[in-house]
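Below is one structure, written out as structure tokens; comments come after it.
The values are calculated or read from the model by the stated rules, or taken from the named source; none is laboratory data. Note that this is a predicted model, so its numbers are computed, not measured. Here the Cβ positions follow ideal geometry from the backbone for every residue, glycine too, while neighbour counts run over all protein chains shown.
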Amino acid sequence: MVCPEQKVVLITGCSSGIGLKMAVMLAKDKKKRYHVIATMRDLKQKDKLVEAAGDAHGKTLSLAVLDVCSDESVKQCIDGIKDRHVDILINNAGIGLVGPVESIPIEEMKRVFETNFFGVIRMIKEVMPEMKRRRGGHIIVVSSVMGLQGVAFNDVYSASKFAMEGFCESLAIQLFKFNVTLSMIEPGPVHTEFEVKMIQDMGQKEFPGTDPDTLHSFKDLYLPTAVNIFEGYGQSPEEVARCTKKVIESSRPRFRNLTNSLYSPIVALKYADETGTLSIRTIYHMLYNLGPLLHVCATAMKYLTCGCLRRRTVSPN
Ligand SMILES: NC(=O)c1ccc[n+]([C@@H]2O[C@H](COP(=O)([O-])OP(=O)(O)OC[C@H]3O[C@@H](n4cnc5c(N)ncnc54)[C@H](OP(=O)(O)O)[C@@H]3O)[C@@H](O)[C@H]2O)c1
């Protein structure tokens, strides 16, 4: 039962990771300001969420089925909400894809866009008209630092997040007129099933059609570097959930919200040199020449993230 003073928050992809933590954190808000509709593709996956929510389940947290890739599922879920009223829509559901482009079937690439790009648009199309009519609402999209800067061997995933950034940047301008806010959350690496699925996938996969040089770069340089980065510099899903709560509760929510200050210099490089040469060369050297010295690079980056760059991020604390 939603109290009139509570904000209705709908979150996609709550069976694990960031979505699960966001749902629990908002449902356990001390002031009980939110009623969270935590959605997932298959309610058989609900146990972890229900356990983490504890007493909040059935009070400030309810569950619903929603597959962002299905028009019917999205419509059914929103039709099931009283007056189709959603104050805050958090588009969190997403899937990853890594590997040499030549080895990935187009169908697999389309699945990433269907979830990460069209899935978000499907949700926004269903919820936005009511927000515009009410002249209020907040749409949050969990993007990635890879939606701002491309990373080798993440070409298609990164493209899906770039596409989302472009879509949202355009839409935010229109929504401003209707007092509807749009915010991007841009995490770096986060310790969730995402990373586990990626590592498991890589162990089982073959990479047909990939030349030996590229395969060597992927398996012997990129993968160990990626694992190191996740281990050394990854955030917890709680931290990303805390950043998102801050954005929701801000009196003037920002459009872009990097959650990990370590990544602000990488994004800053891009804005410092609009030709793109500086960022492509720097990331090339970090991967191909400095991979083994990653810890040194990261420490240097920590120092580089001085005051002005940190202000680009939203701190979880
Ligand atoms: N982990 C990272 O390093 C990282 C970094 C930057 C951004 N992100 C972004 O953060 C978001 C959440 O990822 P995560 O790290 O929390 O990974 P995760 O633990 O794998 O969670 C992804 C969630 O999305 C759900 N999902 C996948 N396809 C769906 C669909 N068609 N309809 C509805 N739900 C679907 C999954 O549900 P099922 O259980 O049904 O598969 C799962 O609940 C993603 O958008 C991701 O791109 C992650």
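With the requirement that a residue be within 27 Å of residue 252 (Cβ to Cβ) and either among the charged types (D, E, K, R) or surrounded by fewer than 17 Cβ atoms within 10 Å (Cβ to Cβ) (or both), what does the stretch 122-149 give you?
Passing the criteria: 125, 126, 129, 130, 132, 133, 134, 135, 136.
Quick one: which of 230, 255 is farther than 20 Å from residue 105 by Cα and crowded, with 17+ Cβ neighbours inside 10 Å?
The conditions single out 230.
Within 15 Å of the ligand (Cβ to nearest atom), closer than 26 Å to residue 238 by Cα and touching a strand residue (DSSP E or B) at 6+ places or on another chain (Cβ under 8 Å): is that true of residue 18 in this structure?
Here the answer is yes, as residue 18 does meet what is asked.
Name the single residue, out of those in the stretch 163-200 being closer than 23 Å to residue 288 by Cβ and not in a loop (DSSP other than H, G, I, E, B), that is modelled with the lowest pLDDT.
Result: 199.
Would you kindly identify the helices (runs of 4 or more DSSP H) lying entirely within the stretch 1-119 that contain at least 1 residues that are touching a residue at least 12 places away in the same chain (Cβ under 8 Å), over 24 Å from residue 164 (Cβ atoms) and of a type in the set (A, V, I, L, M)?
In the stretch 1-119, the matching helices (runs of 4 or more DSSP H) lie at 17-27, 47-53.
Return yes when residue 281 is buried (at least 16 other Cβ atoms within 10 Å of the Cβ) and modelled with pLDDT of 85 or more and no when it is not.
Against the criterion (buried (at least 16 other Cβ atoms within 10 Å of the Cβ) and modelled with pLDDT of 85 or more), residue 281 does not qualify.
Per-residue answers, yes or no, for (1) of a type in the set (A, V, I, L, M); (2) away from the ligand (no atom under 16 Å from the Cβ); (3) crowded, with 24+ Cβ neighbours inside 10 Å:
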residue	(1), (2), (3)
2	yes, yes, no
13	no, no, yes
26	yes, no, yes
31	no, yes, no
52	yes, no, no
58	no, yes, no
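Check 122, 135, 111 and return the single one that is of a type in the set (Lys, Arg) and in contact with an Asp or Glu (Cβ under 7 Å, 6 or more places away or on another chain).
122
Give the residue that is surrounded by the most Cβ atoms within 10 Å (Cβ to Cβ), with candidates limited to residues of the stretch 165-192 that are touching a Gly at 6+ places or on another chain (Cβ under 6 Å) and farther than 22 Å from residue 262 by Cα.
180
Here's a check for you: in the stretch 136-157, which residue that is of a type in the set (Val, Ile, Thr) and closer than 29 Å to residue 9 by Cβ is farthest from the ligand (Cβ to nearest atom)?
In this case the residue turns out to be 139.
Write out, first by first residue and then by second, each pair whose Cβ atoms fall under 9 Å of each other, whose residues are 6+ apart or on separate chains, and whose first residue, in the stretch 140-151, is in contact (Cβ under 8 Å) with a residue 24 or more places away in the chain and within 13 Å of residue 95 (Cα to Cα) while the second is more than 11 Å from the ligand (Cβ to nearest atom) and of a type outside the set (S, T, N, Q).
143/162; 143/165; 143/168; 143/256
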